[in-house]
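Written below as structure tokens is the structure these notes are about.
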Amino acid sequence: MIAPLEFALPERLSVTEENALLPFLRANPDAPVDISTARLRRIDTPLVQALLVAAADRRARGVPFRLTGVSPDQAAQLSALGVTDALLNIQVAA
């Protein structure tokens, strides 16, 4: 199995403005990916939408995609938005 590429989200990220996440995902469409939210302060709806689209695309093609370093608060926010493990593989930090 190929080790996943890792991308650490910064403290703040807007997917509606220029950022490094979307180019990273476009540049690595067939690579397993771990996206770390360990430094991210706030998960907003546009970011969640972008992550769900990326996860769905990779899931349909059998390419692993995982959200890592998710804090319990972030996990609760994702759950409140209706994000389930079936939609996005989430690894909650201890």
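The values are calculated or read from the model by the stated rules, or taken from the named source; none is laboratory data. A quick note: this is a predicted structure, and the numbers were derived from the prediction, not measured. Every residue, glycine as well, gets a Cβ built from its backbone with ideal geometry; the counts of neighbours run over all protein chains shown. Note: areas computed on protein heavy atoms with side chains; ligands, DNA, RNA excluded. Shrake-Rupley method; radii C 1.70, N 1.55, O 1.52, S 1.80 Å.
Using θ = phi - 60° in the Karplus curve 6.51 cos²θ - 1.76 cosθ + 1.60, the 3J(HN,Hα) couplings for the range 53-70 round to 5, 4, 5, 5, 4, 5, 4, 4, 9, x, 9, x, 9, 9, 9, 10, x, 6 Hz; x is entered for Gly and Pro. Using the Karplus relation 6.51 cos²θ - 1.76 cosθ + 1.60 with θ = phi - 60°, the per-residue 3J(HN,Hα) values for the range 19-32 come to 8, 8, 5, 4, x, 4, 5, 5, 6, 10, x, 10, 9, x Hz, with x marking Gly and Pro. For the chain, the share of alpha carbon pairs falling in successive 10 Å distance bins from zero is 16, 56, 27, 1 percent.
Contact order for the chain, expressed relative to its length and based on alpha carbon pairs under 8 Å spaced 6+ residues apart, stands at 29 percent.
Only the Cβ atoms of Lys and Arg (+1) and of Asp and Glu (-1) were treated as charged; on that basis the dipole of the chain about its Cα centre amounts to roughly 80 debye. Looking at the chain, the accessible area is 60 square angstrom per residue; that uses a 1.4 Å probe and ignores ligands, DNA and RNA. Between the amide H of residue 65 and those of 33, distances stay under 5 Å, these residues lying 5 or more places away or on another chain, with hydrogens modeled in the peptide plane. Taking all protein chains together and rolling a 1.4 Å probe, residue 78 ends up with roughly 0 Å² accessible. Expressed as a whole percent, the accessible area of the chain that falls on carbon and sulfur atoms is 54 (1.4 Å probe).
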